[in-house]
Amino acid sequence: MGFPRGRRRLVLVVAALLAIAAVAVIVHRVLAPAEVSTVARADYPAPARPAAGVVGRLPVAPLIVDARLRVYAAHRQVYADRPVDGRHRTTPYWSYRRWPAELTGVVASGSTVVSRWSDGQLVALAAPTGRVLWKTDGPEPATSGAVVRRTGAATVWDPRGLQLTDLPDGRTVLVVSGDTQARGVELSGGRELWRVDLPGSCRSDVGTTASGQVIGLDTCTAPATVEFRDAATGAVRERWRPPGAPDELVVTPLGCRTGRSDCLALRTAGPGDAGGRGWLLSAGEPVAAPALDPAGATLVGEQAVVVLDGVAVGRSARTGTELWRSADLGTARVLAAQPGRVHLLTEANDLVTLDPATGTQLSRFSLNVGSDGTGWAPGAVTAEDGYLAVERLRKPVDPNGDDQRYYLTSEAVILAAT
């Protein structure tokens, strides 16, 4: 005998409701906002001191933190591995993941790593442990930006709208901007110092200065103007245009501690690099620095370094006095710089590191690992804590190609100690 028809219908209805409830629970568990923090279970590694040369190759771009860890960006995750001079990427030392937000930027100062997410949230992590130090809301990131390829270099080496600067009183400020708002956040505890409204995409970030200012380029009305904002208060202290500059400006920060943060100078030019001029930054109006006028010139401390007609030349950025020249490099270009080091890349992809004050060669070696060879073009690059990392691109470079065509190998980033 079966169930009466009415009872059978009731059983079917109850079964259907239970099934729907089970599906709802599963969907909630899968799709509900969540974060997963996996902290370190080992001691914080000591800084490594590898000999000059290629350290290894990596599939993703490393942010060198505190000379001890490599920090990476994934779609919804920021994570670290060790040792800093490891030949390959290893099992994460710590990891922090959020869902459904996407990771849009990472910066670090000392032993603090700050991640920015697509919903605007800022999360600071302790580099030694991966533990969350603080969280706060920030402006949502700009709606358009650089293409983020599989290495994540744009996220960790040049995150849009995310910079650091040091104030004269010793505090470090995290400056976060979107299309319509910017905020200043104290790095030590996540306290918001200020927030200001921005006019939109016609105003763009340039970077921050070593003296505690935020540099922006305002093209909302002609002619284009450079603005300097106090990083402690958010107030615009000065609006400036280079004398005799064209209405349109391209502004490039120079001599930055990392990325576009704590910069010592900038270079202004018109469309197509017309009328390029270099300027030293201080608390007042920028000071002309002709040694930084040539395209490709870089600033390392007090020295301007440029390659002209195949000769590397170092000059005093302030006076223009020639300090040294090195004519035995062959065809080369300035690739990157960091305190006490300027890195040049030769036509054969040798990495040459010079002392920017004297021109003394600190190291020279081929940027080759395994059987990869040197037949590649350099892409994005970073230099910090004595290390240099560079993307290797397939020749001829196709900027519109997919990642397989764009990069030389699956482990496209080469890491070197200099």
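Just a few scattered comments:
- Linear extension gain, Ala377 paired with Val311, 0.36 nm per residue minus alpha-carbon span: 21.7 nm
- Area of His75 that stays accessible when all protein chains are in place (1.4 Å probe, Å², to 10): 110 Å²
- Full extension of the chain between Arg364 and Gln181 yields a length gain of 61.4 nm, computed as 0.36 nm times the residue separation minus the alpha carbon distance.
- Karplus 3J(HN,Hα) series, Hz, for the stretch 37-46 with 6.51 cos²θ - 1.76 cosθ + 1.60 (x for Gly, Pro): 10, 10, 7, 5, 10, 10, 5, 4, x, 6
- Pair Ala288, Asp273: separation of 7 Å Cα→Cβ label points (nm): 2.1 nm
- Here the chain exposes an accessible surface that is 52 percent carbon and sulfur, computed with a 1.4 Å probe and the other protein chains kept in place.
- Measuring nothing but how far apart in sequence close Cα pairs (under 8 Å, 6+ apart) lie, relative to its length, the stretch 238-343 scores a relative contact order of 17 percent.
- Across the stretch 180-194, coupling constants 3J(HN,Hα) worked out from phi with the 6.51/-1.76/1.60 Karplus curve, θ = phi - 60°, read 10, 7, 10, 9, x, 10, 6, 5, 5, x, x, 6, 6, 9, 6 Hz, and Gly and Pro carry x.
- Label-point separation, Ser118 to Thr219 (7 Å along Cα→Cβ), nm: 2.6 nm
- The stretch 225-310 - accessible surface per residue (Å², probe 1.4 Å): 42 Å²
- 3J(HN,Hα) from dihedral phi, the stretch 393-404, Karplus parametrisation 6.51/-1.76/1.60, rounded to Hz, x for glycine, proline: 9, 6, 8, x, 5, 10, x, 9, x, 6, 4, 5
- Highest mobility in the GNM of the chain, judged by mean-square fluctuation with C-alpha springs under 10 Å and restricted to Arg97, Arg171, Arg131, is found for Arg171.
- Amide proton proximity set for Leu198, modelled H, under 5 Å, gap of 5+: Gln181, Ala182
- Full extension of the chain between Thr319 and Arg41 gives 94.9 nm of extra length, using 0.36 nm per residue less the Cα-Cα distance.
- In the chain, helical runs assigned H by DSSP with n ≥ 4 each contribute -39500 (n - 2.57); averaged across all residues and rounded to the nearest 500, the mean residue ellipticity at 222 nm is -2500 deg cm²/dmol.
- Distance between the 7 Å Cα→Cβ label points at Ala34 and Ala74: 1.4 nm.
- Residues Asp402, Asp372, ordered by accessible area of protein heavy atoms at a 1.4 angstrom probe radius and largest first, appear as Asp402, Asp372.
- Rolling a 1.4 angstrom probe over the protein heavy atoms with all chains in place gives the stretch 319-418 an accessible area of 43 Å² per residue.
- Euclidean distance of C-alpha centroids, the stretch 103-139 and the stretch 252-278, integer Å: 27 Å
The values are calculated or read from the model by the stated rules, or taken from the named source; none is laboratory data. Predicted model only: the values in this text are computed from it and were never measured. For neighbour counting, all protein chains shown are included, and Cβ atoms are generated from backbone atoms with ideal geometry for every residue, glycine included. Heads up: the accessible areas ignore ligands, DNA and RNA and are worked out on the full protein's heavy atoms, side chains in. Shrake-Rupley method; radii C 1.70, N 1.55, O 1.52, S 1.80 Å.
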